[in-house]
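The values are calculated or read from the model by the stated rules, or taken from the named source; none is laboratory data. This structure is a prediction, so every number in the text was calculated from the model and none was measured. Glycine also receives a Cβ, built like all others from the backbone with ideal geometry; neighbour counts cover every protein chain displayed.
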Amino acid sequence: DAGVTQSPTHLIKTRGQHVTLRCSPISGHKSVSWYQQVLGQGPQFIFQYYEKEERGRGNFPDRFSARQFPNYSSELNVNALLLGDSALYLCASRPGPQVPYTLQYFGPGTRLTVT
Amino acid sequence: ILNVEQSPQSLHVQEGDSTNFTCSFPSSNFYALHWYRWETAKSPEALFVMTLNGDEKKKGRISATLNTKEGYSYLYIKGSQPEDSATYLCAFEEKLTFGTGTRLTIIP
């Protein structure tokens, strides 16, 4: 079975531009979460989606948005890019957000560089 | 804001030695604790998710314990091997809050 996939692998954007990152979860997984990882820190939670609905949001500005599609894939959108948005963006999937809590599986990430 | 702390930040261990490190988290409103291994240029790999006080999990030479009352978890690696070199992250449910990780380097 394929794991979590993300595209693109790397991306270079200019300040003020918009970016869309994509994620396909493991087959059968209905929950997708997005994280931002800056060098030297642990991943920071951005969003969780389950069954196309937002189930959780981290402490990120409104420039960050996401959505989940009927096939459970997801997009993360960032508007008006800032230099500080440069980071590794990780997507993770799990069967669902319900108890009992299950392992979460990560994709390889998208490295975003904002110049 | 939840505070999840890991110690030490980095660790160098001789091949064959055993080692352990710590994850501290808020003891109130506990749901679950995750451990991940993250090798350079790879995806974080899920090791364990633990939910009950006193839980012990094991995967090969790696094991973990959980104390929800005092808010800590230990990760143990027995007989370290070079392939164990990685950053080990713990994360606290819900909306996984990660620690900054322990970077483990095994010296051959």
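The number of residues in segment B:6-40 being within 14 Å of the chain's Cα centre (by Cα) and among the hydroxyl-bearing types (S, T, Y) comes to 6. Within segment B:85-108, which residues are surrounded by fewer than 21 Cβ atoms within 10 Å (Cβ to Cβ) and away from chain A (no Cβ under 14 Å)? Of everything in segment B:85-108, those that are surrounded by fewer than 21 Cβ atoms within 10 Å (Cβ to Cβ) and away from chain A (no Cβ under 14 Å) turn out to be B:S85, B:T105, B:I106, B:I107, B:P108.
Checking segment B:32-51 against the condition returns a match, with at least one residue being surrounded by 13 or more Cβ atoms within 10 Å (Cβ to Cβ) and among the acidic types (D, E). For B:S7, the requirement of being hydroxyl-bearing (S, T, Y), touching a residue at least 40 places away in the same chain (Cβ under 8 Å) and touching an Asp or Glu at 6+ places or on another chain (Cβ under 7 Å) is not met. Restricting A:G84, A:G58 to those that are out of contact with any helix residue (DSSP H, G or I) (no Cβ under 9 Å at 6 or more places or on another chain) and within 14 Å of chain B (Cβ to nearest Cβ) reduces the list to A:G58. Among the residues in segment B:87-103, are any assigned to a loop (DSSP other than H, G, I, E, B), modelled with pLDDT of 95 or more and of a type outside the set (G, A, S)? The answer is no, given that none of the residues of segment B:87-103 is assigned to a loop (DSSP other than H, G, I, E, B), modelled with pLDDT of 95 or more and of a type outside the set (G, A, S). When you look at A:Y105, is it within 14 Å of chain B (Cβ to nearest Cβ) and in contact with a Phe, Trp or Tyr (Cβ under 8 Å, 6 or more places away or on another chain), yes or no? When the stated conditions are applied, A:Y105 does not pass them.
Within segment A:70-77, is even one residue crowded, with 16+ Cβ neighbours inside 10 Å, out of contact with any Lys or Arg (no Cβ under 6 Å at 6 or more places or on another chain), without any contact (Cβ under 8 Å) to a residue 60 or more places away in the chain and within 13 Å of chain B (Cβ to nearest Cβ)? Within segment A:70-77 (the criterion being crowded, with 16+ Cβ neighbours inside 10 Å, out of contact with any Lys or Arg (no Cβ under 6 Å at 6 or more places or on another chain), without any contact (Cβ under 8 Å) to a residue 60 or more places away in the chain and within 13 Å of chain B (Cβ to nearest Cβ)), the answer is no, since none of the residues qualifies. Residue selection: B:E45 satisfies the criterion of being acidic (D, E), within 12 Å of another protein chain (Cβ to nearest Cβ), under 21 Å from A:V4 (Cα atoms) and under 12 Å from the mean Cα position of the chain (by Cα).
For segment A:78-97, filtering for residues that are farther than 13 Å from A:P8 by Cα and part of a strand (DSSP E or B) leaves 5. A residue that is within 24 Å of A:T110 (Cα to Cα) and at pLDDT 95 or above can be found somewhere in segment B:47-67.
Considering B:L33, B:L66, B:L52, the condition of being among the aliphatic types (A, V, I, L, M), within 11 Å of chain A (Cβ to nearest Cβ) and either free of Cβ contacts under 8 Å to residues at least 60 places away in the same chain or touching a His at 6+ places or on another chain (Cβ under 7 Å) (or both) is satisfied by B:L52 alone.
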